[in-house]
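One structure is given here, and the rest of the page talks about it.
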Number of protein chains: 2
Amino acid sequence: MVHKVNQICYAFSMTSTNYEKHHCPIAQSLVELGDQWTLLIVRDAMSGLSRFNEFQDSLGISKNLLTRRLAQLCEDGIFERVAIPKSKRYAYVPTQKCWDLRVVLLAMAQWGEKWRDDPRLTRLEVKEKTSGQPLKLEFVPEGDSAIVAPEDIDVLRHYKSAG
Amino acid sequence: MVHKVNQICYAFSMTSTNYEKHHCPIAQSLVELGDQWTLLIVRDAMSGLSRFNEFQDSLGISKNLLTRRLAQLCEDGIFERVAIPKSKRYAYVPTQKCWDLRVVLLAMAQWGEKWRDDPRLTRLEVKEKTSGQPLKLEFVPEGDSAIVAPEDIDVLRHYKSAG
């Protein structure tokens, strides 16, 4: 059965109790992505952070909450927990499922940059690795020859200088 | 000052108290998009729902929580509250800032469809309006001639038939 909708997926009759069971892929993603912290932890992991203390220092999140979020991210296959040799510590390593969230995060960044009128905002720039050509997240036909593969993308951040 | 980062924006020294003040556009977006409900309300609004009772029926969310979320969405300029003539009720109408979230929601849908192994999942299909050509959300050079404008995009949802 196919329905043409105005703009976007729409799940009928969702209640808080069957929240995880209904079948909209957006809602399903939100079940895993959960609250704001989850996506910020994912962002930090993609930036190279991997240890409990590093996430805590970056986010200022409580130990309890960070422990729960990291356990859930591992259970959902977004992070892999890897023992660090000669230490009792672990590294949390992004999986492919995690890297695929880059599109979601950069879509949020693009929206935030367009609509937040905050001159202090870090500006993100997405470029093709070798040519340096600026890239944007857009809808294009499947197989379009201009599509840039994930491994050929660089993300630059521009800080406002203090002066 | 420009920093080249591994993959994605990274905000230093964010604490829960300065959460809203630090300058990463992803985190700034998450401040406005808040919890799961906010994005589900946005999804429903883009599908044509506009009244308090319609959102409540769709989401099974408590009246108190829905009231707070709708007020915040209006304050953030994502919805506009419009009085319905000859009634004491209001319609919540998506603004351009809201429509721009379509990319975020469809990025989440694309991720959810790829990584959820749930055969009951509604499948979303994004197509060019006149040609019916399937579209994907991808990084392409700015100004690429293959980019499809938002007004030329249709979103279809495919339900699994009961049989």
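Taken together, the values in this text are just the output of simple stated rules run on the coordinates, not laboratory data. Not measured: the values here are computed from a predicted model. Note that each Cβ is placed from the backbone with ideal geometry, even for glycine, and that neighbours are counted across all protein chains shown.
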(request) Report the FRET efficiency, 1/(1 + (r/R0)^6), for residue B:96 and residue A:84, where r is their Cβ-Cβ distance and R0 is 51 Å, rounded to 0.05. (result) 0.60
(message) For the stretch B:86-131, compute the orientation-averaged projected area of the C-alpha convex hull (one quarter of its surface), in nm².
(response) 6.3 nm²
(request) Give me the distance between the Cα centres of the stretch A:68-95 and the stretch B:28-97, rounded to whole Å. (result) 37 Å
(request) Starting from a label point 7 Å past Cα on the Cβ side, list the distances from residue A:131 to the same position in the other copies, nm, shortest first. (result) 2.0
(request) Report the closest approach of any chain A C-beta to the axis of the A-to-B rotation: residue and distance, in whole angstrom. (result) A:107, 2
(message) I'd like to compare B:141-152, A:24-35: which one has the highest average count of other Cβ atoms within 10 Å, and what's the full order after that?
(response) A:24-35, B:141-152
(message) Once you place label points 7 Å from the Cα toward the Cβ at residue A:151 and residue B:145, how far apart are they in nm?
(response) 3.0 nm
(message) Within 13 Å, Cβ to Cβ, of residue A:133, how many net charges do the neighbouring residues add up to if Lys/Arg are +1 and Asp/Glu are -1?
(response) -3
(request) With r as the distance between the Cβ atoms of residue B:71 and residue A:131 and R0 = 45 Å, compute the FRET efficiency 1/(1 + (r/R0)^6) and round to 0.05. (result) 0.45
(message) Using just the Cα positions, wrap the stretch A:48-163 in a convex hull and report its mean projected area in square nanometres, one decimal place.
(response) 10.8 nm²
(message) In the stretch B:75-163, if the dipole is taken from +1 on Lys/Arg beta carbons and -1 on Asp/Glu beta carbons about the Cα centre, which of B:141, B:155, B:84 is farthest to the positive end?
(response) B:84
(request) Take the Cα atoms of the stretch B:35-110, build their convex hull, and give its volume per residue in Å³. (result) 90 Å³
